[in-house]
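What follows is a short report on a single structure.
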Amino acid sequence: MTLKYSVGLDVSSKKIDGSICVIDQNQQVQFMSKITFNNTVCGFKNLDSWITKWHKATELPLVVCMEATGVYHENCALYLFEKGYQLSIVLPNKAKKYLECLGLKSKNDSIDARGLAQMGAEQCLGLWQPLGRYYYELRNYTRQHQNIQELKTVISNQIHALKHGMYPCEMTIEQLKTTLALFDSQLKELSKKMKLHLKSDDVVYRKCLNILAMKGLGYLTIATLIAETNGFELFENYKQLVSYAGYDVVEAQSGTRVGKTKISKKGNSRIRRALHMPSLVVITCKEKPFLDLYNRTFEKHAIKMKSYVAVQKKLLVMVYHLWKKNERYDSDYQINIQEKEQELSSLLAFEKGTNAKTDKKLAPNKLRLNKVNIQRKIAVRFLSANPNILKIN
């Protein structure tokens, strides 16, 4: 019995190769047809007609699996999404490893399309959603700012090298300085455009102002974070965001061998790049939540950069929670909440100690009930004195 249909698409700049297959209850994959069409709107219509032709059992689900290929896959993906197809886009390294594990010895566009179709049939991949136009434009601004900044660094290094060369060439140096001045003006223009773009949406701008109350963060950092994450709409919890940014910790352990733990760095490098300087600034400004984390981790391993990475992760999680809850950052308020939680733990411990002698005289069942009642009374008393404690996680 057939379980579902799967379409694999291998995308290039001018054409797209497609393959369709079905998988049955015995997990046997049977390929039905293949197609090659142009990477244009007319070609997308041909793809739609071809899928409709082979998707005979319309009551069965159909998934489309394609590989992320720069920006060349975006138009086709958006067209299929608007047509109502269930679409999954996988990273190139993930698709490559999967095709290698199939034992395929040859590689071409048709074989890659078959492999992607089989991948979609055998696995339950996450569904893709397009980036909103607002965040898509903001991402173009932030990425262009990064590109120009990197080019500016290259030009600056060239000027430094030419000035210290054996026979300096003044004409070349002047040309490079002119280029450097052009880059500076473009960076200022992009920064102004990003700020205006953020102000164009009142809800987004208010959330940005709440986060900017934290010392060390600027408009460029906030713009980069929300542009690369579609306003954090791609994630259900902070753990997914940490993994997406490459801050998740990976282990290297096998048998008696225990390797070093480190962050995976298998994620969005632009987010990590944007958080590097803010992590240094919040420590310089002595923001207490981050300074405490830095000191605690530095005492443990005495590696500064490792502690700064921990601060970067905390910054990312803090921004995520402030954005989701639409709350303003206040370090003193955060500290007060932590102190109240410690006070609650101390009250419970004190009450437990003062009633220890009485508890020993009770039967086991009555002992447990008495402890629960005491803790409940203490918690009610604490919450009544601090009604705002439930507003913060």
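The values are calculated or read from the model by the stated rules, or taken from the named source; none is laboratory data. These figures come from a predicted structure and were not determined experimentally. All Cβ positions, glycine included, derive from the backbone under ideal geometry; neighbour counts span all protein chains shown. With ligands, DNA and RNA removed, areas are computed over all heavy atoms of the protein, side chains included. Shrake-Rupley method; radii C 1.70, N 1.55, O 1.52, S 1.80 Å.
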Query - Among the candidates 309, 281, 319, 258, residue that is out of contact with any Phe, Trp or Tyr (no Cβ under 6 Å at 6 or more places or on another chain) and open to solvent by 60 Å² or more (accessible area, probe 1.4 Å) - result: 258
Query raised in the report: Would you pick out the residues in the range 157-196 that are in contact with a Leu (Cβ under 7 Å, 6 or more places away or on another chain) and farther than 21 Å from residue 270 by Cβ?
Result: 158, 159, 168, 169, 172, 173
Query raised in the report: Going by the structure shown, is residue 78 among the hydrophobic types (A, V, I, L, M, F, W, C) and crowded, with 17+ Cβ neighbours inside 10 Å?
Result: no
Query raised in the report: In this structure, does residue 270 turn out to be in contact with a helix residue (DSSP H, G or I) (Cβ under 8 Å, 6 or more places away or on another chain) and open to solvent by 40 Å² or more (accessible area, probe 1.4 Å)?
Result: yes
Query raised in the report: Only one residue in 103, 165, 120 is part of a loop (DSSP other than H, G, I, E, B), open to solvent by less than 40 Å² (accessible area, probe 1.4 Å) and either modelled with pLDDT under 95 or out of contact with any Pro (no Cβ under 8 Å at 6 or more places or on another chain) (or both). Which one?
Result: 165
Query raised in the report: Applying the selection to the range 199-230, what residues are among the aliphatic types (A, V, I, L, M) and part of a loop (DSSP other than H, G, I, E, B)?
Result: 213, 214, 217
Query - Cβ pairs under 8 Å, 6+ apart, first in the range 164-176 and farther than 20 Å from residue 151 by Cβ, second among the hydrophobic types (A, V, I, L, M, F, W, C) - result: 168/162; 169/162
Query raised in the report: Does the range 1-47 hold any residues that are closer than 14 Å to residue 79 by Cβ and surrounded by 15 or more Cβ atoms within 10 Å (Cβ to Cβ), and which are they?
Result: 7, 9, 11, 16, 18, 37, 39, 43, 44, 46, 47
Requested in this report: Consider only pairs whose beta carbons are under 7 Å apart and that are at least six residues apart or on different chains; among these, list those whose first residue lies in the range 284-302 and is closer than 13 Å to residue 214 by Cβ and touching a residue at least 12 places away in the same chain (Cβ under 8 Å) and whose second residue is among the polar types (S, T, N, Q) and open to solvent by less than 70 Å² (accessible area, probe 1.4 Å).
Outcome: 287/331; 288/331; 289/331; 289/334
Report summary line: Of 131, 196, 125, 182, the only residue that is assigned to a helix (DSSP H, G or I) and surrounded by 12 or more Cβ atoms within 10 Å (Cβ to Cβ) is 182
Requested in this report: Mind counting the residues in the range 21-48 that are touching a helix residue (DSSP H, G or I) at 6+ places or on another chain (Cβ under 8 Å), in contact (Cβ under 8 Å) with a residue 24 or more places away in the chain and farther than 16 Å from residue 10 by Cα?
Outcome: 5
Query raised in the report: Among the residues of the range 49-71, is there at least one that is open to solvent by 20 Å² or more (accessible area, probe 1.4 Å) and in contact (Cβ under 8 Å) with a residue 60 or more places away in the chain?
Result: yes
Query raised in the report: Which residues, counting only those in the range 26-36, are of a type outside the set (Val, Ile, Thr) and in contact with a strand residue (DSSP E or B) (Cβ under 6 Å, 6 or more places away or on another chain)?
Result: 30, 31, 32, 33, 34
Query raised in the report: assigned to a loop (DSSP other than H, G, I, E, B), buried (at least 17 other Cβ atoms within 10 Å of the Cβ) and not hydroxyl-bearing (Ser, Thr, Tyr) - does that describe any residue in the range 142-149?
Result: no
Query raised in the report: Of the numbered conditions (1) over 21 Å from residue 66 (Cβ atoms); (2) exposed (fewer than 13 other Cβ atoms within 10 Å of the Cβ), residue 137 satisfies every one except a single condition; which is it?
Result: (2)
Query raised in the report: Of all the helices (runs of 4 or more DSSP H) wholly in the range 231-312, which have at least 3 residues that are more than 16 Å from the chain's Cα centre (by Cα) and at pLDDT below 90?
Result: 288-301
Requested in this report: Tell me which residues, restricted to the range 212-224, are touching a helix residue (DSSP H, G or I) at 6+ places or on another chain (Cβ under 6 Å) and either buried (at least 18 other Cβ atoms within 10 Å of the Cβ) or of a type in the set (A, V, I, L, M, F, W, C) (or both).
Outcome: 216, 217, 221, 222, 223, 224
**Report entry** Hits in the range 8-57 (condition: over 20 Å from residue 84 (Cα atoms), hydroxyl-bearing (Ser, Thr, Tyr) and assigned to a loop (DSSP other than H, G, I, E, B))
**Finding:** 12, 13
Query raised in the report: Given the structure, is residue 87 out of contact with any Ser or Thr (no Cβ under 9 Å at 6 or more places or on another chain), open to solvent by less than 20 Å² (accessible area, probe 1.4 Å) and free of Cβ contacts under 8 Å to residues at least 40 places away in the same chain?
Result: no
